[in-house]
Amino acid sequence: MGFEADFAKWKNSEFGTYCMTKCKATCCDMRNASLHINELELKALFGKEIEPAEHKAAGIREAKERGLYYLDADMGFCPKFDTTTRKCLDYARRPKSCREFPFLAENDAVVIKSGCSLGKGDPAYRKLVELASRYGKVIVKRAGR
Ligand code: SF4
Ligand code: SF4
């Protein structure tokens, strides 16, 4: 199958289940992770267009990458986060940044960014270690939002 396909399968199965059933969604809190979004995603996230003049008050900041924005850490939880169920209100259509978080696949490593609660004790993590080592990769935890 190859690493990419096996990794995608793991993300959709074991990791997806961990996200939805065990995690307290620490990455949906902007104090833990940084969500980078384009204009369309921004509109979907707030449920309406936010004029540039209102960005600052709404907690929207321009990212270094052109055309991308991030949400200020002071905002706390993302507008699409349901604090009662502690789940995303639009998980199937969440931004690319959420879909990719917290992983970076590199030649010899799978990087897990800080802000994700997946820990060594969980079977999903152990499965990832097995998968990574099958392809000669190590797991690296990297600080930084
Ligand atoms: S869009 Fe959903 S998954 Fe992404 S940060 Fe917001 S609540 Fe979390
Ligand atoms: S913190 Fe990690 S495990 Fe939890 S929902 Fe976010 S990506 Fe999934």
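Each value in this text was obtained by applying a stated rule to the coordinates, not by laboratory testing. Small disclaimer: the values here were computed from a predicted structure and weren't measured. Cβ atoms come from the backbone with ideal geometry, glycine included; neighbour counts cover every protein chain shown.
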Exercise for the section: Please list 25-34, 73-82 highest first by mean number of surrounding beta-carbon atoms within 10 Å per residue. Expected result: 25-34, 73-82
Handout entry: Mean ellipticity per residue at 222 nm, deg cm²/dmol - from DSSP H runs of n ≥ 4 across the chain, formula -39500 (n - 2.57)
Key = -7500 deg cm²/dmol
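Can you tell me the length gained on complete extension of the stretch LYS9 to PHE46, counting 0.36 nm per residue apart and subtracting the Cα distance?
In short, 10.3 nm is gained.
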Practice task
Label the chain by shape, choosing from rounded, prolate and oblate, from the square roots a ≥ b ≥ c of the eigenvalues of the Cα gyration tensor; if a/c is under 1.5 it is rounded, and otherwise prolate applies when a/b is larger than b/c, oblate when it is not.
Solution key: prolate
Handout entry: Cβ-Cβ FRET estimate between HIS55 and VAL111, R0 fixed at 35 Å, reported to 0.05
Key = 0.70
Problem - the chain - share of DSSP beta bridges that are antiparallel (%, nearest 5) - result: 70
Problem - Distance between modelled label sites at LEU104 and LYS87, nm, 7 Å Cα→Cβ extension - result: 3.2
Practice task
For the chain, with a Gaussian network of springs between Cα atoms less than 10 Å apart, report the residue from LEU35, LEU89, LEU118 with the top mean-square fluctuation.
Solution key: LEU89
Exercise for the section: Give the residues of the stretch 17-47 whose amide nitrogen is closer than 16 Å to a point set 7 Å from the Cα of ALA73 in the direction of its Cβ. Expected result: 26-36
Practice task
Pick out which of PHE46, PHE15, PHE101 has the largest mean-square fluctuation in a Gaussian network model of the chain, springs linking Cα atoms closer than 10 Å.
Solution key: PHE46
Handout entry: Distance histogram in 10 Å bins (all Cα pairs of the stretch 34-94, percent per bin)
Key = 21, 57, 20, 1
Handout entry: Relative contact order of the stretch 34-94, pairs being alpha-carbon contacts under 8 Å that are 6 or more residues apart, as %
Key = 32
Exercise for the section: Go ahead and run the numbers for FRET between ALA143 and MET1, Cβ-Cβ distance against an R0 of 30 Å, rounding to 0.05. Expected result: 0.45
Problem - Set of lysines with alpha-carbon distance to LYS11 below 19 Å, sequence-local pairs under 8 removed - result: LYS22, LYS24, LYS87, LYS96, LYS113, LYS120, LYS127, LYS137, LYS141
